[in-house]
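Everything below concerns the one structure shown next.
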Amino acid sequence: MQSISRQRISDLLAREKSAFAALHPRSHELAAKSAPHFLAGVQMPWLVEWESPFTVFVDKAKGTQITDVDGNTYIDLCLGDTGAMFGHSPDVLVKEIREAVDHGLTYMLPTEDGIAIAAEFEKRTGLPRWSFTLTATDANRFATRIARAITGRKKILVFDGCYHGTHDETLARLDGNVINPREGSVGPPVDLELTTRVVEFNDIAALEKELAKGDVACVLTEPALTNAGMVLPDDDFHSKLRAVTREHEVLLIIDETHTISSGPGGYTQAHGLEPDMFVIGKPIGGGIPAAVYGCTEEIATRFDALLDPEHPVVVGIGGTLAGNALSLRAVRTMLEQVITHENYEHMFEIAQRLEAGIRKTIEDNELPWHVSRMGARVEYGHTTQPRRTAHEVEETTDSELEQLLHLYCLNRGVMITPFHNMMLTSPSTSEADVDRHNELFAECVGELLTATEESS
Ligand SMILES: Cc1ncc(COP(=O)(O)O)c(C=O)c1O
């Protein structure tokens, strides 16, 4: 098996950082101009996590192509970290939105599009009752509030390494037996021991032990962890998760915001999951802010029973712009015309090609790395086998090597997600797009190994 010299990684990284600066003078200028105006010196504080010395500023994007303010173009395999997973500005969405903007944008009243969306989600997930928000964070927050309201229990349970947005009770880590705020969590409001239980993903025995304490309202999870690197469920994980949650009368909330890569009804439809509640945001409006959460008839009946028919008051779940006319038109259009089985067939084919090319380079060079795929989502990691928990990912992540691979691709016109080594294929991603990534991946590996041979 091949190992790579640390010195070579840092030499190449230094070279790529200089190359990036030379290729992006206008972005550099705009980054400097932004700095005094914004918290952390960037327009959204988490932008500091991009691996480039400063971020690229975008001029425009269409399909899978992004053009920056320096005129560089990129094949976009990041796709807004799933927000633009079906391609930038799909033609059908642009057409519908152009028409819709003339009819008023938000009224605090419902439109017919909402009914079509609920019916479409029911077809895909089996869940009959729905509600709208603008972000997946809000949808998760409201789903967990409802779970607490109808069960009368105070805590929620999440898996270590989860991310469900900026939902306070989920920003938790398991450190041994102690629950701490996640690294970098800004201003946690209360001790997480009061609100949250955390166990390792794929650890059903630990889950059972925590749920047996009787104070957990719901388990909130993605079907596979995608935000700790890709951590896939063991073969029997979902059947056991469902059985244990039912046994302890704990609601199961499945967050499909990223795992919609598995198909038009997410992992839930593709694998026959039976959640009590289902959450999805990010790509469903094609870039227009929108999210939904849905539930079984039983949950809906228990929720309805909390409302006083004489004097109905609903506080704590809502949002003035939630379900606004524009976002509903966007979601309806996306569901009916873009998030379709036909488009997924193409996305899966292209993702398989991406995965196969990466695997070939790993095998040809006998690297101790692996590649995983979840439908249209592909990720490689620097261990021989996929990892089973977030701690395993953390202990084996080579941040410097990741940074180099990302920047190497970015400098040559391919953009991948700054978090982990994650890539998405959209209906407009072509064979040539993924072949270009795979060529660059092989080229970068070649550069890393050539030097290793020379230096050994
Ligand atoms: C699984 C999952 N759920 C929820 C969210 C939150 O989405 P948003 O930031 O749009 O609220 C994210 C964001 O990355 C996510 O990955």
Arrange the residues GLU122, GLU49, GLU402, GLU342 by how much accessible surface each exposes, largest first, with a 1.4 angstrom probe.
-> GLU342, GLU49, GLU122, GLU402
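Can you show me the helix-derived [θ] at 222 nm for the chain, built from DSSP H runs with n ≥ 4 at -39,500 (n - 2.57) apiece and divided by the number of residues, rounded to the nearest 500.
Values: 14 runs with 178 residues, N = 456.
After summing the helix terms and dividing by the residues of the chain, the value is -12500 deg cm²/dmol.
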So how exposed is VAL190, as accessible area in Å² (1.4 Å probe, rounded to 10)?
-> 70
So what J values fall out for the stretch 171-184 if you push phi through Karplus, 6.51 cos²θ - 1.76 cosθ + 1.60 with θ = phi - 60°, rounded to Hz, Gly and Pro as x?
-> 7, 10, 10, 9, 10, x, 9, 9, 9, 10, x, 4, 4, x
Express as a percent, rounded to the nearest 5, the fraction of DSSP beta bridges in the stretch 91-338 (both residues included) that run antiparallel.
-> 45
State in Å² the accessible area per residue of the chain; use a 1.4 Å probe, count heavy atoms of protein chains only, and round to the nearest integer.
-> 44
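Using 1/(1 + (r/R0)^6) with R0 = 25 angstrom and r between the beta carbons of ALA205 and ARG145, what's the FRET efficiency to the nearest 0.05? Don't skip to the end; give the middle numbers.
Working: r = 29 Å, r/R0 = 1.16.
Taking R0 as 25 Å, the efficiency between ALA205 and ARG145 is 0.30.
Multiply the residue gap between THR340 and VAL178 by 0.36 nm, knock off their C-alpha separation, and tell me the result in nm, one decimal place.
Computed gain between THR340 and VAL178 is 54.0 nm.
Set the Förster distance to 25 Å, then compute FRET efficiency between GLN2 and GLU394 from the Cβ-Cβ distance, nearest 0.05. Walk me through the intermediate numbers first.
Details: r = 24 Å, r/R0 = 0.94.
Efficiency computed from Cβ-Cβ geometry: 0.60.
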Net charge over other residues, Cβ less than 15 angstrom from the Cβ of LEU404 (K, R count +1; D, E count -1) | -3
With a 28 Å threshold on alpha-carbon distance, the violating pairs from LYS95/LYS123; LYS17/LYS282; LYS209/LYS282 are LYS17/LYS282; LYS209/LYS282
Is the stretch 210-331 rounded, prolate or oblate when judged by the Cα gyration tensor, a ≥ b ≥ c being the square roots of its eigenvalues, rounded requiring a/c under 1.5 and prolate requiring a/b larger than b/c?
-> oblate
Of 291-302, 255-266, ordering from highest average Cβ density within 10 Å down gives 255-266, 291-302
Checked the stretch 170-252 with the C-alpha gyration tensor, a ≥ b ≥ c its square-rooted eigenvalues, rounded below a/c of 1.5, otherwise prolate if a/b is larger than b/c and oblate if not; verdict oblate
Specify the angular offset, from 0 to 90 degrees and rounded to the nearest 10, of the alpha carbon long axis of helix 25-34 from the longest principal axis of the alpha carbons in the chain.
-> 40
Using alpha carbons only, how many degrees (0 to 90, rounded to 10) separate the axis of helix 136-151 from the longest principal axis of the chain?
-> 40
Just check the stretch 286-409 against the gyration tensor rule for me: Cα atoms, a ≥ b ≥ c as the square roots of the eigenvalues, rounded for a/c under 1.5, and otherwise prolate or oblate depending on whether a/b exceeds b/c.
-> prolate
Solvent accessible area, Å² - LYS282, 1.4 Å probe, full protein context = 70
Between the stretch 8-39 and the stretch 218-281, the alpha-carbon center distance in angstrom | 39
So which lysines pass the test for LYS213, namely a Cα distance under 21 Å, with those fewer than 8 places away in the same chain ruled out?
-> LYS154, LYS155, LYS240
Nearest 10 degrees, 0 to 90: what angle lies between the long axis of helix 341-364 and the longest principal axis of the chain (Cα atoms)?
-> 40
With every protein chain kept in the model, how would you rank TRP369, TRP46, TRP130 by accessible area, 1.4 Å probe, largest at the top?
-> TRP46, TRP130, TRP369
Distance in nm between label sites at SER89 and ARG26, each 7 Å beyond Cα in the beta-carbon direction?
-> 1.5
How much of the accessible area of the chain, in percent, comes from carbon and sulfur atoms when a 1.4 Å probe is used?
-> 52
Which order do ILE115, ILE253, ILE4 take when ranked by solvent-accessible area (1.4 Å probe, heavy atoms of all protein chains), largest first?
-> ILE115, ILE4, ILE253
Describe numerically, in nm with one decimal, the distance between label points set 7 Å from Cα along Cα→Cβ at TRP46 and at ALA119.
-> 3.5
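The values are calculated or read from the model by the stated rules, or taken from the named source; none is laboratory data. Small disclaimer: the values here were computed from a predicted structure and weren't measured. All Cβ positions, glycine included, derive from the backbone under ideal geometry; neighbour counts span all protein chains shown. For accessibility, only protein heavy atoms count, side chains too; no ligands or nucleic acids. Shrake-Rupley method; radii C 1.70, N 1.55, O 1.52, S 1.80 Å.
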